[in-house]
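First the structure, in the form of structure tokens, and then the observations on it.
The values are calculated or read from the model by the stated rules, or taken from the named source; none is laboratory data. Predicted model, so just to flag it, every value in this text is computed and none were measured. Virtual Cβ from ideal backbone geometry, glycine too; neighbours counted across all protein chains shown. Surface areas here come from the heavy atoms of the whole protein model, side chains and all, with no ligands, DNA or RNA. Shrake-Rupley method; radii C 1.70, N 1.55, O 1.52, S 1.80 Å.
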Amino acid sequence: MNKVWFKKRLTFLGGLTIILVLLQLINSLFPISLFQWGIIPRTGEGLIGIFIAPFIHGSWSHLFSNLLPFLILSFLSMTQSLREYVLSSIFIIIVSGLLVWIFGRNAIHVGASGWIFGLWSLLIAHAFTRHKIIDIVIALFVLFYYGSMAYGLIPGQLGVSTESHISGVVAGLLYAWCARKLIRRKSQVVEVAK
């Protein structure tokens, strides 16, 4: 890990933060509502929300409650590579969004919490699927500092998209499983080639 390694990741996270803050500014200052771009389950227009909803928040407090865990879990997810982070994030956003669109209650679902819960479960799952010391250390850190996130999986909290949280966890675990399968398949191909 050197200065270039840190600079790349901090620049990337800084860019994501600017996007989230700018969208919240637009939502707050202009007479247009970005909520129409959220996930609206089982509707045609709600499908576009799968890709946009993680970047839109209901209020400044909603954004700021998500921002710190998002940045920390994102940074920890970048220990392998930025490419791995981007691929896992795209997978989590699409899969969790689809699950919310299919199973979510009739409401507009916005916010990065599904993405956050996906990163959370992925970092924990890596300890079991990759068996590397760094992944085990990160998983222990995540469980110690963010273990209370599990309360977000309990349904019935007012104004909270529990569906997004649960879908995020499922997407993160599914990505870890798929990544493990892909690594095993590649190693088998290499053995056959020898």
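Any chance you could count how many residues in the range 78-103 are over 19 Å from residue 51 (Cβ atoms) and among the polar types (S, T, N, Q)?
Filtering the range 78-103 down to residues over 19 Å from residue 51 (Cβ atoms) leaves 78-84.
Of the ones still in play, those that are also among the polar types (S, T, N, Q) are 79-81.
Residues that pass the stated criteria total 3.
Looking only at the range 142-159, which residues are open to solvent by 40 Å² or more (accessible area, probe 1.4 Å) and at negative phi?
143, 144, 145, 148, 150, 151, 153, 154, 155, 157, 158
Which one of 176, 139 is more than 28 Å from residue 61 (Cβ to Cβ), without any contact (Cβ under 8 Å) to a residue 24 or more places away in the chain and open to solvent by less than 20 Å² (accessible area, probe 1.4 Å)?
After applying the criteria, what remains is 139.
State whether the residues of the range 53-70 include one that is over 20 Å from residue 160 (Cβ atoms) and in contact (Cβ under 8 Å) with a residue 12 or more places away in the chain.
no
Is it the case that some residue within the range 112-130 is among the charged types (D, E, K, R), open to solvent by 10 Å² or more (accessible area, probe 1.4 Å) and under 19 Å from residue 173 (Cα atoms)?
Step one: of the range 112-130, the residues among the charged types (D, E, K, R) are 130.
Checking which are open to solvent by 10 Å² or more (accessible area, probe 1.4 Å) leaves us with 130.
From what's left, under 19 Å from residue 173 (Cα atoms): 130.
Yes, the conditions are met somewhere in the range 112-130.
Name the residues in the range 7-34 that are open to solvent by 30 Å² or more (accessible area, probe 1.4 Å), of a type in the set (A, V, I, L, M, F, W, C) and assigned to a helix (DSSP H, G or I), would you?
10, 12, 18, 19, 21, 22, 23, 25, 26, 29
To keep it simple, each residue is scored yes or no on (1) under 30 Å from residue 139 (Cα atoms); (2) open to solvent by 20 Å² or more (accessible area, probe 1.4 Å).
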site	(1), (2)
5	yes, yes
36	no, yes
61	yes, yes
72	yes, yes
85	yes, no
95	yes, yes
109	yes, no
